[in-house]
Structures are given as C-alpha cells and as structure tokens.
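So the structure is just underneath, and the comments pick up after that.
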Amino acid sequence: MFDYLIKNANLPGQKNAVDIAIKDGCFAAIEQTINGPAKKELDVSGCLVTPPFVDSHFHLDAPLTLGMPRHNQSGTLLEGIQLWSELKPELTAKAIRQRALKLLNWSIAKGTLVIRTHVDITDPSLLAVDVLLEVRKEMAEWVDIQLTAFPQDGLLRTPGGKELLIRALDKGVDVVGGIPHFERTMQEGSKSISWLLEIAESRGLLVDMHCDESDDPHSRHIEHLTFETQRMGLGGRVAASHLTSMHSMDDYYVSKLLPLMAESGIQAICNPLINIHLQGRHDSYPKRRGLTRVPELLESGVNVAFGHDCVMDPWYPMGSHDMLEVAHMGGHCLQMMGATQIPTLLKMVTTRSAEVLNLKGYGIEVGNQADCVVLQAADALEALRLKPARLYVFRKGKIIASTPQVKSTVQLGNSVQEVTFQQADLNSNEYLDFHNQQETGTIS
Ligand code: FE2
C-alpha cells in the first residue's frame, strides 16, 4: 500500500507521462503505469512535476525591509550596502525572525524548498547569525537552509572581521563566504580569498563568495579564486557568486579564464533579477546588462546555477521568491531561448543548483526523499513562460503547500471561452508533438 500515487506526471526532459508512488516519505516507484493500491491518489493530467526549486543565493537576514529607513534612490549596489549599514544597528532578533519566517512561507508556497542564504557576520553582535541558526532549526521539517558566513563590509576591511567569521562558523554556519571586490585593494581582496579558502579547507567546509559584483573589467578576483580552488583541490566545493565583471572583461582574457575555471572545478552562480537591476548603473548609454557569461561558462563545462539574491530589501524592491521568475529573467537577459537552452534554464533553478549546494538525495528518483512540485504547466517552456500556479508542493511525501488551479475566461457577447494560454490544447496530438520536440531539443 503506497501513501500517495501521483498519476500522469510529466517529468522534465522525459517524453511520456509517468506515475509516481510515494511511501514512508520517499519515492517508492516511478513507472509508466502504477496501479496502486494507495491511500491517496492524485491525477495531475500531464502537469509538469519538478524537484523542488533550489535557491543557490539568498540573503535571509534582509528580506521585506524595503523602505527601512528609506528607499535606494540610485539603484546601485553601493547605496544598498550603505542603506544596510544604516539599518543594521536598528535590527532586532524578533524582527529578523518574523521577516525570515514570513519570507520562508512565500518560498514554500512557490515550491522553493532548499535555500543557501548568506548571513552578514560583520555585525559584532552576530545577532542575525543566531536568529537564522534558530530559524534553520525551527523550519527544518519543511525547508533546507544552508547558511553562509558573509562579511558584507569586507573581511579585512571590518575591524575584527576574521574573528567574527570564525565565531560564526563555530556557532554552526555551514559555508565560508567572502567579498573580495569590496576589500580596500585588489591585493587585500586576494589575501582575503586565500585566507578564507584555507579556513574552509581546514574545516572541510564549502565556499561561496560574492565575487567581482562590479562592472569593472579589471575586477579579476575570479582568477585568484580559481587558482586557489585548483591549488587546494577544492573543485566542486567552491562557488563564485555574481561574477558580473566578466560581462565587461576583454574577450581575450576570458578565453584564457574559462578553461582555467573548468579545470579547477569551481562553480558559478548568476543572479539575473539583481544583476540586471544593479549593474550598468554607472553607464550612460548603452547600458550594460552586467550578467556573467552564462552560456559560455556552460559551454566550457563550468556548472552554473541561478539565485534569487534579494526580495524587497535595500538592493531590490520586487520579488516573491519565485525561482521561475529568476529563470525567466535569465532567459531574457542572457538570450538563452534556444530549444535546448530552455530546459537548461529550469535546471539552473533545480538540479544544477542542487549540485552547487552539494545536495545528496535530491531529485525525483526512487529512494530519494519525496519532495516535488506540481506545476500548472506541461513542460519547461510553459513553466518559464507562464510562471504558473504551484498546484501542490510535496515535502517528505506530504502536501505542505497548494494553490488552486488558475482559470481565465473571456465573455465576448454571448460567447464564453476559457483561456489556457497554451499554444494547442493539452493532450492534443499537435500539443504533444510540440512538447516532445521541445523537451528533446529538436525544434529550432
Ligand atoms: Fe548576494
């Protein structure tokens, strides 16, 4: 007897719908037809079922602080950092906790069940660290949180920065962070990278650094981070977030850099919503997009994930922690709308992101924890195009969030028609042909 039987599920990249059986919180069987018996059965009629969304880059100490104490008028990263430093002394444990919990409800409702969050460790009280460690524990049943020790004001630039970072790790923060481009000089940035990687290596921790979040083509900390990753054999364990300066670098230099990055095993995180909003702010016209070179990184064999980064905070006034919105923006700003690129966009908020976080037992496979999202969409293209309702969010085999199916109708005189926003009717031959071609990348 299964606990749950999900019938007629479309899985990403697969041609034919399958049935998914769940027992004791795990996927028990995934086959063309499963006849049960099951305590509960759910026919999803060809809807796409994905693994939960994984946000590889977020700041859970800052969301929902928009307008506190004022709005970011220039829209620059630097004014955001200034605003945050004005807000920091006013933060209370209660307010951080309440905002984080509220945001996590948004995340769960959108099917984002794994989040790597940075937490600012340059506040000498480490207040946010303590709060988020508690929140991680309190919410562990429903969402997995990785905490990264992030020296927002600079590791070496902050008095006692190294000690604060060590204290945060001692308290149980999982990942070593950094911000080399915000140190006082390039040399100081390099020094911070070497020190941070040595700490990570000695403690067996992962690394995720804000790296070169700048439009300055000479911000080349990625070179040193790649070198140190290679030297210490930390491939697969180090991620470089943002890398926006790569957008503006000389092509010749990048042609040398990309193979070195691939060889080292370093991974990259692009934050499309925030990068398109914050970068290029010092330009007149033309204004650079500022996103790192995602198609070229992928082509070179470097794994890339997408992160949301911010929701309604000093850096970004919008967002609802919807990773499909992130992938949608990425598809536009990176010009990644080719037939094979669209499924890749979805992977960058699911499987590729899980790889960056070194997740074990992630994905819709027999034996894994039964976490998945049923979308009101048939395939990757529809999921990205419509950013549809998350009909059901499963965690450990139980539904922990749901959204009613969204239906639209138009009334034209006496004619009332349903609008599905689909190119052809679901389950029609025309539709299925298109879906299969799209998933297999055979349409141009
Ligand atoms: Fe960030």
Within the range 41-57, take every residue that is open to solvent by less than 10 Å² (accessible area, probe 1.4 Å), more than 16 Å from the ligand (Cβ to nearest atom) and in contact with a Gly (Cβ under 6 Å, 6 or more places away or on another chain) and give me the one that is farthest from residue 371 (Cα to Cα). 53
Quick check on the range 242-266: of everything there that is open to solvent by 10 Å² or more (accessible area, probe 1.4 Å) and under 30 Å from residue 321 (Cβ atoms), which residue is nearest to the ligand (Cβ to nearest atom)? 247
It is to be established whether one or more residues within the range 262-283 are of a type in the set (D, E, K, R), under 22 Å from residue 347 (Cβ atoms) and touching a helix residue (DSSP H, G or I) at 6+ places or on another chain (Cβ under 9 Å). no
Report, by residue number, each residue of the range 11-40 that is open to solvent by 60 Å² or more (accessible area, probe 1.4 Å) and of a type in the set (Val, Ile, Thr). 33
Being part of a helix (DSSP H, G or I), in contact with a Leu (Cβ under 9 Å, 6 or more places away or on another chain) and farther than 28 Å from residue 2 by Cα narrows it down to one residue among 81, 96; which is it? 96
Mind telling me which of the residues 103, 60, 132 ends up being in a loop (DSSP other than H, G, I, E, B), modelled with pLDDT of 95 or more and within 16 Å of the ligand (Cβ to nearest atom)? 60
Output for the range 211-233, where each listed residue is away from the ligand (no atom under 16 Å from the Cβ) and open to solvent by less than 10 Å² (accessible area, probe 1.4 Å): 226, 228, 229
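The values are calculated or read from the model by the stated rules, or taken from the named source; none is laboratory data. This is a predicted model, so every value here is computed, not measured. Virtual Cβ from ideal backbone geometry, glycine too; neighbours counted across all protein chains shown. Note: areas computed on protein heavy atoms with side chains; ligands, DNA, RNA excluded. Shrake-Rupley method; radii C 1.70, N 1.55, O 1.52, S 1.80 Å.
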